[in-house]
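The values are calculated or read from the model by the stated rules, or taken from the named source; none is laboratory data. Nothing here was measured: the structure is a model prediction, and the numbers come from that model. Cβ: placed from backbone, ideal geometry, glycine included. Neighbour counts: every protein chain shown.
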Amino acid sequence: MARYTDEELKEKVHNGFIVEYADERTEGYKSALIVQLLVQADTELISAPAYFGAAKDAPSTNTMVSATAIIQDELAHANIAYRLLEDLGLDKEQLVYGRQAHEFKHPYGFDHPLENWAELVVANGFYDRAGITLLGDVFKNTSYGPLKRALVKVDQEETFHLRHGEMWMKRLAKAGGEAREQIQRAADWMFPMAVEWFGLPDDMKRHSGQLDYKLKGMTNDELRQTWMKSTVPLCESIGIDVPAHWSEEEQKFVLEYPFPCEYDEDEKRWLFDEGEISWSKVFERWKGRGPANKKFVEMIQEGRGFRQQLEMAA
Amino acid sequence: MTACASAGARFGGGEGGTALLDAPADYPVPPEARTGPLWAALREVMDPEIPISLVDLGLIYDIRQDGGRVEVDLTFTATACPCMAFIHFDIQDRLQQEPGVDYVEVSEVWTPAWTKARITPEGRETLRTFGVSM
């Protein structure tokens, strides 16, 4: 039985209270926390097979070591978040091995194959930056003590992934020719993907439990702006075009395309010409999951058969 | 990621290791001879994970210059250090900014093996401040 009512807890966490024990959580707090942690865990988990597909294109053994180290980190971060979910009564093994592909909660952006080294490093530069933006906000603001402590290590390591992405984006852009073209092509489909990742704009966002319970501090639009504040200048500095710029008039980054819009999964191309679509269309697309969803989850669950054999033998 | 600098396991660790492993801090270039513009330049190149220079961490075994050509002997704290490519690139980028340097070759060397004994006193102080126990 919770010690506080929902209203009391919401007020307490906004006055700096940190939740540590089971009896300090209300049912509402617990369900909002579970949703947040599931998205976090599944995103880290599925990034591993996504990155693996492109890490195989590493141009040397040293760079292969860097890329696979990043994959190892992502699996470890997933493990941390699933471990926190166990404290909330969920079963880690069931979550990883017992769900259908479409039940995973990672963003649609990680349902697409990464097909070359340029796509891997732009994913590090854009998606890991999105991860740092989201988790950095959670770290600063969360009212859940165990998560705050776990994120210290996660943040240090994600910074390495980001550095990996940005260093290679710079290098390949500077190299010119086909290397630069590959970075540009990757940015063309991955930039809007990351922008969309931050979700509904604030003026449409229904009431957020995560903000009420102080499981995060910034709104979707604030997070999107924070991401663009780092990403747009980086791309400008290396001569890679992205469809966004700083507006002096509005004092914020503005998009140069209809948002949200439709995406052609086969061609990896955003259909800017077809104009703005409704967010319910976007949710429909997300719900249908992307082309690599099944394959990535299968890669993660491949050990399931062997696991069952071991259990039967025991 | 694997914190490379703390990796300490080694073959025969239980038997005390070899003299070379235990007292290698001044091999092959003793600390007092690590002078000149190239060593100074590499004192500005930081380890990608922790705020300590490659020289203070003891990763640079030797620097040789022949006209515009520079050769650097570099080791790593672990054979699967995720930062190997970064460190290569960072060394080349920094040394190429030095006047008269046209070409930089980085050779990876694994003998003698890196140990904590290679970290300079300044480096130890930095690591303590950063929260790494020595």
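Against the list (1) in contact with a Pro (Cβ under 8 Å, 6 or more places away or on another chain); (2) within 30 Å of residue A:29 (Cβ to Cβ), the condition residue A:266 fails is (2).
Check whether at least one residue in the range A:18-38 is of a type in the set (Gly, Ala, Ser), more than 14 Å from chain B (Cβ to nearest Cβ) and outside any helix (DSSP H, G or I), and report yes or no. Among the residues of the range A:18-38, not one is of a type in the set (Gly, Ala, Ser), more than 14 Å from chain B (Cβ to nearest Cβ) and outside any helix (DSSP H, G or I), which makes the answer no.
Filtered by the rule that a residue be surrounded by 12 or more Cβ atoms within 10 Å (Cβ to Cβ), out of contact with any Cys (no Cβ under 9 Å at 6 or more places or on another chain) and of a type in the set (Asp, Glu), the range A:261-301 gives A:262, A:265, A:298. Among the residues in the range A:158-180, are any within 14 Å of chain B (Cβ to nearest Cβ), among the polar types (S, T, N, Q) and within 23 Å of residue A:55 (Cβ to Cβ)? Yes: one or more hits. When we screen A:281, A:294 for residues that are among the charged types (D, E, K, R), assigned to a helix (DSSP H, G or I) and over 19 Å from the mean Cα position of the chain (by Cα), the only hit is A:281.
The strands (runs of 3 or more DSSP E) located wholly in the range B:57-134 that include 2 or more residues which are under 21 Å from residue A:59 (Cα atoms) occupy B:103-108. Among the residues making up the range B:89-114, those that are among the β-branched types (Val, Ile, Thr) and away from chain A (no Cβ under 14 Å) are B:101, B:104, B:109, B:111.
Listed by first and then second residue, the pairs linking a residue in the range A:290-309 that is over 30 Å from residue A:189 (Cβ atoms) and touching a residue at least 24 places away in the same chain (Cβ under 8 Å) to a residue that is loosely packed, with under 12 Cβ neighbours inside 10 Å and aromatic (Phe, Trp, Tyr), with Cβ atoms under 8 Å apart and 6 or more places separating them unless they lie on different chains, form an empty list.
All conditions in (1) surrounded by 18 or more Cβ atoms within 10 Å (Cβ to Cβ); (2) under 18 Å from the mean Cα position of the chain (by Cα) hold for residue A:34, with the sole exception of (1). State whether one or more residues within the range A:134-155 are touching a Leu at 6+ places or on another chain (Cβ under 8 Å) and farther than 30 Å from residue A:10 by Cα. No.
In the range B:89-114, of all residues being crowded, with 18+ Cβ neighbours inside 10 Å and touching a Gly at 6+ places or on another chain (Cβ under 7 Å), the one that is nearest to residue A:172 (Cα to Cα) corresponds to B:101.
Across the range B:58-88, the qualifying residues are those that are surrounded by fewer than 17 Cβ atoms within 10 Å (Cβ to Cβ) and within 14 Å of another protein chain (Cβ to nearest Cβ), and the one among them that is farthest from residue A:171 (Cα to Cα) is B:79.
Can you spot a residue in the range A:147-170 that is over 25 Å from residue A:73 (Cα atoms) and in a helix (DSSP H, G or I)? Taking every residue of the range A:147-170 in turn, none turns out to be over 25 Å from residue A:73 (Cα atoms) and in a helix (DSSP H, G or I).
Each residue in the range A:219-258 was checked for being of a type in the set (Phe, Trp, Tyr) and within 12 Å of residue A:191 (Cα to Cα), and 2 pass. For the range A:56-67, the set of residues classified as within 17 Å of residue A:167 (Cβ to Cβ) and within 12 Å of chain B (Cβ to nearest Cβ) consists of A:58, A:59, A:60, A:62, A:63, A:64, A:65, A:66, A:67, listed by residue number.
Taken over the range A:1-17, the criterion of being part of a helix (DSSP H, G or I) and surrounded by fewer than 16 Cβ atoms within 10 Å (Cβ to Cβ) is satisfied by A:6, A:7, A:8, A:11, A:14. The set of residues in the range A:220-264 being of a type in the set (Asp, Glu) and in a strand (DSSP E or B) consists of A:264 alone. If you go through the range B:5-56 and pick out every residue that is at pLDDT 50 or above and not aliphatic (A, V, I, L, M), you end up with 20. Filtering A:71, A:46 for residues that are within 14 Å of another protein chain (Cβ to nearest Cβ), in contact with a Phe, Trp or Tyr (Cβ under 7 Å, 6 or more places away or on another chain) and not in a loop (DSSP other than H, G, I, E, B) leaves a single hit, A:71.
From A:41, A:78, A:67, grab the single residue that is without any contact (Cβ under 8 Å) to a residue 40 or more places away in the chain and crowded, with 21+ Cβ neighbours inside 10 Å.
Going through A:41, A:78, A:67 in turn, just one is without any contact (Cβ under 8 Å) to a residue 40 or more places away in the chain and crowded, with 21+ Cβ neighbours inside 10 Å: A:78.
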